[in-house]
Each structure stands twice: as C-alpha cells, then as structure tokens.
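See structure below.
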Amino acid sequence: MSYPRKGEKQISELTNGIVDPVLAKRAGINTTLLGCWDEIAGEDFADCTRPEKIAWAKRTGPGMDDRYQPGVLTIACEGARALFLTHAQGELIQRINSFFGFYAVNQIRIVQKPVSVASKRSRTPPPLKGEAARKLADMMDGIEDEKIRAAVQRLGTAMVWKRGKA
C-alpha cells in the first residue's frame, strides 16, 4: 500500500509549483527550460544567452482548426554574439524541440541585451594589518616620491590581499 509523502519537501518542489504557472502564463516557459538552458544552448551560447519567452500562436477565430501551432522563442543575447546565434539558430531549434519532445518552437527571435549578472566586488582591498603591513612599509623605505609610494602601497596591498584570498 502506498502512502502520500509526509514531512519535508524540497524547496524546489514548492517554488516550481508556485513559479511554473506564473511563467507559463506570462512567458510560456517553465523552470525546467530555464534550469536546463546551459545544456540546451551548449557551451558556445550558455554564458551569453537566456530564454525570455515563448509566444504561442493563437488558435481562436473562424476557420482555425485545433491543430497545434509551434511557437516563437525569444532569446536575450549579449552584443556581437547575436550574429553567431543567428547562424546557429537551426541547430538550437532542434535542441529545444528535442528537449520538449515535440515540435514546440519553429522560430527564434533574438533580442540584444545584457544577460550575465555583473559581480559586485570591491575594487579596493582593505588596508593591511599587523605583520603584512610592517613588511610592506619596510619594502617601501627607500621610495621618496609620494605618488610612487602611494602606487606601490596600493599594488602591495592588492597583491598581499589577493594572495591571502586565493
């Protein structure tokens, strides 16, 4: 006898249950497509593209039959890579349709916009303390020009900080 699952649920199950209907209504896509996009797009386009929406053909009106109509996938692509994506769109359409398991997309619309999220990292390292600060000060003893001294100070701080993080 099989019992319904009780207790813990994965967060992905809960969020997919909430997000998928919204994505399907607003963009015509689901979280599975978004999650597998890197594999679908391949290593050439995974880092510079993102699926935006699928526009499904409207089937209502006089003379329209109930046959399924494939959609148009809108893909955001960064800068000049859009040209390469245009040339490879036939292969990409085949990959997308094989992912869905049926003829889901017959056309790709490319929109140029930034895709990758810029990492916000501090460009200036924190000032050195203790032994590292003393060593750097000893190395800069013979430097008399203040501008050169400040530049070496910044360079030394960055080098010690980067080495400590790596």
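The values are calculated or read from the model by the stated rules, or taken from the named source; none is laboratory data. This is a predicted model, so every value here is computed, not measured. Note that we place each Cβ from the backbone using ideal geometry, even for glycine, and neighbour counts take in every protein chain shown.
What the table shows:
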read-out: Qualifying residue in the range 105-120 (condition: farther than 30 Å from T157 by Cβ, modelled with pLDDT under 90 and of a type in the set (S, T, Y)); value: no
read-out: Leading residue by the ranking (surrounded by the most Cβ atoms within 10 Å (Cβ to Cβ)) among those in the range 130-155 that are over 39 Å from the mean Cα position of the chain (by Cα) and of a type in the set (V, I, T); value: I143
